[in-house]
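Right, one structure below, let's go through it.
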Amino acid sequence: MIKILMYNIMDDEKIVVTEWLKHHHDVQIDWNTVTLNPDTVDLANGYDGISTEQDNLIDDPIVYEKLHEFGIKQITLRITGYDTINLPLATQNNLKVTNVPAYSPRSVSEMVLAQTMWLLRNLHTTQQRVQNHDFTWDGLQSREIHDLTVGIIGAGKIGSEVARIFKALGATVLAADPIHRPELNSVLTYVDHETIFKTADIITTHTPLLDSTYHLFDAAVFQQMKPSTIFINASRGSVVDTPALITALKNHTIAAAGLDTIEGEADIFSNDFSTTDFNNAYLKTIMALPNAIMTPHIGFYTDNAIRNMVEISLHDMLTIIAGKTSEHELN
Ligand code: NAD
């Protein structure tokens, strides 16, 4: 029997694990709701493999040394980001680290579609009016998506799915990306960033957060956009200079923004602050603006994505425990 311990499991992951176990009778899986750290690493003693999904960095050498001492050969992440792992320390202790590079690009893309259509059809304003029993039409006339140009900054795994969705709806799709993918030639036209900033009706960003993309969307960039532009960010908060975005929304430099991520979200999103205060002035300002909508980083959060996160990570773990090589090894 192969014994696996899953750290920091979510309730919806438990459902997938329970289903997976029906087809893997030679595996025992136990789980907990704590993160892997120096205080919890001893829980792994006696197991053949571990996985985790957490925000906080595991930087104390003791964690890696103890896992090695317990005979464990891997740390399997159930998410894409691996900045929580000290890869050199893992390597020194013969621990193979894997991630799940793509659990469902479609999940985020459909959120982009939802936010775009919500803003395009003025549903934010409409909903507020209807709740106040105001059923007037003033200012609610919309444009139609097939008449519009969607500009994608970063057409990788998620951005290319966004392109396919909007192309299917009849929109003109432009993309700026240093990598040109021939398979997207029938879906989009590659242009430079400036062309997108100046001409697109909907601008959606899907770059990773890198030194080169930190505050890529600053005041100068928002100034280039049309006053009718809808801006969407479901990538990383710090790709956007948030005060510059707030100014652009307040001054109607752009029409509206749909955000699934914002700077300083880490200790806020996925937590309940309905009875206590939270500390993020940007978020409070954005939430109060009539031309912005905010979702708490749930773009990825679909049934397919959770199933893939669990199943791909368990497959990687069994591969490494069996002494084979996983295609998702990071070290
Ligand atoms: P990816 O690596 O597949 O694609 C990123 C693309 O951006 C690449 O094609 C790259 O060449 C391009 N790029 C890099 N710098 C650029 C620049 N300056 N200008 C234009 N293009 C640039 O990444 P992905 O899996 O598609 O993820 C995209 C983003 O989505 C990441 O920021 C990721 O963190 C985020 N994400 C968000 C959620 C969510 O729930 N909202 C979930 C998963 C991923």
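Quick grid of which residues meet (1) within 18 Å of Leu259 (Cα to Cα); (2) without any contact (Cβ under 8 Å) to a residue 12 or more places away in the chain; (3) aliphatic (A, V, I, L, M); (4) out of contact with any Asp or Glu (no Cβ under 8 Å at 6 or more places or on another chain):
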| residue | (1), (2), (3), (4) |
| --- | --- |
| Glu144 | no, yes, no, yes |
| Lys157 | no, no, no, yes |
| Ala175 | no, no, yes, yes |
| Thr205 | yes, no, no, yes |
| Leu209 | yes, no, yes, yes |
| Ala220 | no, yes, yes, yes |
| Ala234 | yes, no, yes, no |
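Would you confirm whether any residue within the stretch 116-138 is more than 16 Å from the ligand (Cβ to nearest atom), in the same structural domain as Leu210 (by TED's automatic domain parsing) and either surrounded by 22 or more Cβ atoms within 10 Å (Cβ to Cβ) or within 19 Å of the chain's Cα centre (by Cα) (or both)? If you could, list the steps in order and put the result at the bottom.
We begin by selecting, within the stretch 116-138, every residue more than 16 Å from the ligand (Cβ to nearest atom); these are 117, 119-138.
Going one step further and asking which of them are in the same structural domain as Leu210 (by TED's automatic domain parsing), we end up with 117, 119-138.
From the residues that got through so far, the ones that are either surrounded by 22 or more Cβ atoms within 10 Å (Cβ to Cβ) or within 19 Å of the chain's Cα centre (by Cα) (or both) too are 119.
Within the stretch 116-138, one or more residues are more than 16 Å from the ligand (Cβ to nearest atom), in the same structural domain as Leu210 (by TED's automatic domain parsing) and either surrounded by 22 or more Cβ atoms within 10 Å (Cβ to Cβ) or within 19 Å of the chain's Cα centre (by Cα) (or both).
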* Residues of the stretch 23-39 being surrounded by 16 or more Cβ atoms within 10 Å (Cβ to Cβ) and assigned to a loop (DSSP other than H, G, I, E, B), which ones? -> Thr35, Leu36, Asn37
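Scanning for something assigned by TED's automatic domain parsing to the domain that holds Asn122, within 10 Å of the ligand (Cβ to nearest atom), assigned to a loop (DSSP other than H, G, I, E, B) and surrounded by fewer than 12 Cβ atoms within 10 Å (Cβ to Cβ), does the stretch 146-159 turn up at least one residue? Break it down stepwise before answering.
Keep residues of the stretch 146-159 that are assigned by TED's automatic domain parsing to the domain that holds Asn122, which gives 146-159.
Narrowing the set further to residues that are within 10 Å of the ligand (Cβ to nearest atom) leaves 152-159.
From the residues that got through so far, the ones that are assigned to a loop (DSSP other than H, G, I, E, B) too are 154-156.
Next, only the ones that are surrounded by fewer than 12 Cβ atoms within 10 Å (Cβ to Cβ) stay: none.
Checking the stretch 146-159: not a single residue is assigned by TED's automatic domain parsing to the domain that holds Asn122, within 10 Å of the ligand (Cβ to nearest atom), assigned to a loop (DSSP other than H, G, I, E, B) and surrounded by fewer than 12 Cβ atoms within 10 Å (Cβ to Cβ).
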* To do: Kindly list the number of the only condition in (1) away from the ligand (no atom under 15 Å from the Cβ); (2) surrounded by 21 or more Cβ atoms within 10 Å (Cβ to Cβ); (3) not aliphatic (A, V, I, L, M) that fails for Asp260.
  => (1)
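Quick check on this structure: which one of Ile268, Ile196, Ile246, Ile254 is under 19 Å from Leu289 (Cβ atoms), within 16 Å of the ligand (Cβ to nearest atom) and among the hydrophobic types (A, V, I, L, M, F, W, C)?
Numbers: Ile196 fails: under 19 Å from Leu289 (Cβ atoms); Ile246 fails: within 16 Å of the ligand (Cβ to nearest atom); Ile254 fails: within 16 Å of the ligand (Cβ to nearest atom).
Testing whether each residue is under 19 Å from Leu289 (Cβ atoms), within 16 Å of the ligand (Cβ to nearest atom) and among the hydrophobic types (A, V, I, L, M, F, W, C) leaves just Ile268.
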* Asked: So which of Val16, Val63 is over 26 Å from the mean Cα position of the chain (by Cα), touching a residue at least 12 places away in the same chain (Cβ under 8 Å) and in a helix (DSSP H, G or I)?
  -> Val63
* Structure fact -> Among residues of the stretch 185-202 being touching a helix residue (DSSP H, G or I) at 6+ places or on another chain (Cβ under 6 Å) and under 19 Å from Arg164 (Cα atoms), the residue surrounded by the fewest Cβ atoms within 10 Å (Cβ to Cβ) is Val187
* Structure fact -> For the stretch 308-331, pairs from a residue that is hydroxyl-bearing (Ser, Thr, Tyr) to a residue that is not in a helix (DSSP H, G or I), with Cβ under 6 Å and 6 or more apart or across chains, are Ser313/Ser51; Ser313/Thr76; Ser313/Arg78; Ser313/Val100; Thr319/Ser326; Ser326/Thr98
* Among the residues of the stretch 296-326, write down those that are of a type in the set (Val, Ile, Thr), within 14 Å of the chain's Cα centre (by Cα) and crowded, with 18+ Cβ neighbours inside 10 Å. => Ile306
* Taking into account only those residues within the stretch 212-238 that are under 20 Å from Glu110 (Cα atoms) and under 21 Å from the mean Cα position of the chain (by Cα), which is farthest from the ligand (Cβ to nearest atom)? -> Ile230
* Being surrounded by fewer than 22 Cβ atoms within 10 Å (Cβ to Cβ) and in a helix (DSSP H, G or I), is that true of even one residue in the stretch 74-88? -> yes
* Looking only at the stretch 165-173, decide whether some residue is surrounded by fewer than 19 Cβ atoms within 10 Å (Cβ to Cβ) and either touching a strand residue (DSSP E or B) at 6+ places or on another chain (Cβ under 6 Å) or among the hydroxyl-bearing types (Ser, Thr, Tyr) (or both). => yes
* Structure fact -> The correct count of residues that are more than 22 Å from Gly156 (Cβ to Cβ) and either under 19 Å from the mean Cα position of the chain (by Cα) or basic (Lys, Arg) (or both) in the stretch 86-115 is 1
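The values are calculated or read from the model by the stated rules, or taken from the named source; none is laboratory data. Worth saying up front: this structure is predicted, and the values here are computed from it rather than measured. Note that each Cβ is placed from the backbone with ideal geometry, even for glycine, and that neighbours are counted across all protein chains shown.
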